[in-house]
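Trainee: The structure that follows is given in the form of structure tokens.
Derivation of every value follows stated rules applied to the coordinates shown; laboratory data play no part. Owing to the predicted nature of the structure, the values given are computational and were not obtained by experimental measurement. In this analysis, Cβ positions are derived from the backbone assuming ideal geometry, glycine residues included, and neighbour counts consider all displayed protein chains.
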Ligand SMILES: NC(=O)c1ccc[n+]([C@@H]2O[C@H](COP(=O)([O-])OP(=O)(O)OC[C@H]3O[C@@H](n4cnc5c(N)ncnc54)[C@H](OP(=O)(O)O)[C@@H]3O)[C@@H](O)[C@H]2O)c1
């Protein structure tokens, strides 16, 4: 596997996790000094090139099975990295939550199928969210609508701040009757994820593309809030050091999926996860390790369209509860 963008906050954690799991990998990015240091720590080869450098992709992807792209904002890197993966016939996996990147991956479905590769954008947050959507949809007979609420506990790195701007600029996307639609005003909605009702704001996290792919549910809305921490946990909660979150929080994040059946029955399930970026780290490496082991579906895939609801059971410290 090649890990591109390995020297960022999340990339470095992913390199540690990939090494802990004994995966066979090399690292890449655009900063020689940072790459040389990280490569020395792990005794792995490194490749220095910019995303638009086809020769860089050619030499670094030779002999590889998968490309894990961690360099974000993905609006700057995904198109080039996906094209390289298709051209050099290696599976593509990234961890974005930028909805336009999911649409880009969707548009390359045929090209990825022709190349015999899996194109999976969103193996971070969505490795929990999307299998939970399939799991909850399976609890009713004919699911017709889905709402997701994400209560995030943690900080934001510079890469995430830049990505958040792309998420916001994409507009207020919802899925209605199977079509993506932009709405004018962001409604808020109250959800009870186990600690009493709280207000969330509408935000297209990406399930409007990914979980439509995995569940086919025609109406999807997504909501987001940043967790309110109990006083004890708030002490030093979201602090930044050199632009990176440190001692992120002592809290947990939750994702709730609510699915409505055509007969009006509502099923709700919540996934409780560690805070911050660790769920993304462990799930991205889990998905990459599956692809390296030959477990994949060709073409554009979401985490659950490739691996089903079962994927959530293999994630570290994720607890699912039916409400
Ligand atoms: N959805 C999720 O679950 C989830 C979770 C965590 C992170 N993420 C996303 O993952 C991305 C990385 O996050 P992070 O925490 O690692 O951020 P970070 O610490 O700010 O690091 C960003 C990394 O991307 C590289 N990069 C940025 N623009 C690039 C470009 N144009 N060409 C090549 N490399 C580029 C940077 O390289 P330099 O060092 O050379 O600048 C650095 O290695 C962000 O988009 C973030 O939103 C998503």
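Trainee: Can you give me the ranges of the strands (runs of 3 or more DSSP E) entirely in the stretch 110-195 with at least 2 residues that are within 14 Å of the ligand (Cβ to nearest atom) and more than 28 Å from residue 263 (Cβ to Cβ)?
Mentor: 118-121
Trainee: Now for a different question. Name the residue that is farthest from residue 294 (Cα to Cα), counting only residues in the stretch 6-34 that are part of a helix (DSSP H, G or I) and more than 9 Å from the ligand (Cβ to nearest atom).
Mentor: Here the answer is 33.
Trainee: Is it the case, given these coordinates, that residue 204 is in contact (Cβ under 8 Å) with a residue 60 or more places away in the chain, under 22 Å from residue 283 (Cβ atoms) and part of a helix (DSSP H, G or I)?
Mentor: No: the conditions fail for residue 204.
Trainee: Within the stretch 49-59, which residues are more than 10 Å from the ligand (Cβ to nearest atom) and in contact with a strand residue (DSSP E or B) (Cβ under 9 Å, 6 or more places away or on another chain)?
Mentor: Once the filter is applied, which keeps residues that are more than 10 Å from the ligand (Cβ to nearest atom) and in contact with a strand residue (DSSP E or B) (Cβ under 9 Å, 6 or more places away or on another chain), the stretch 49-59 yields 56, 57, 59.
Trainee: Report, ordered by the first and then the second residue, all pairs with beta carbons closer than 8 Å, sequence separation of six or more or different chains, a first member in the stretch 2-18 that is within 12 Å of residue 29 (Cβ to Cβ) and without any contact (Cβ under 8 Å) to a residue 60 or more places away in the chain, and a second member that is assigned to a loop (DSSP other than H, G, I, E, B) and more than 6 Å from the ligand (Cβ to nearest atom).
Mentor: 12/6; 15/6; 15/25
Trainee: Next up: Just to be sure, is residue 134 in contact with a strand residue (DSSP E or B) (Cβ under 7 Å, 6 or more places away or on another chain) and farther than 17 Å from residue 226 by Cα?
Mentor: No: the conditions fail for residue 134.
Trainee: Go through the stretch 249-268 and report how many residues are assigned to a loop (DSSP other than H, G, I, E, B) and crowded, with 20+ Cβ neighbours inside 10 Å.
Mentor: Summing the residues that are assigned to a loop (DSSP other than H, G, I, E, B) and crowded, with 20+ Cβ neighbours inside 10 Å in the stretch 249-268 gives 2.
Trainee: Does residue 170 satisfy the criteria of being over 16 Å from the mean Cα position of the chain (by Cα) and closer than 18 Å to residue 99 by Cα?
Mentor: yes
Trainee: For the stretch 269-319, what are the residues that are over 18 Å from residue 1 (Cα atoms), assigned to a loop (DSSP other than H, G, I, E, B) and in contact (Cβ under 8 Å) with a residue 60 or more places away in the chain?
Mentor: Passing the criteria: 275, 276, 277, 302, 308, 315, 318.
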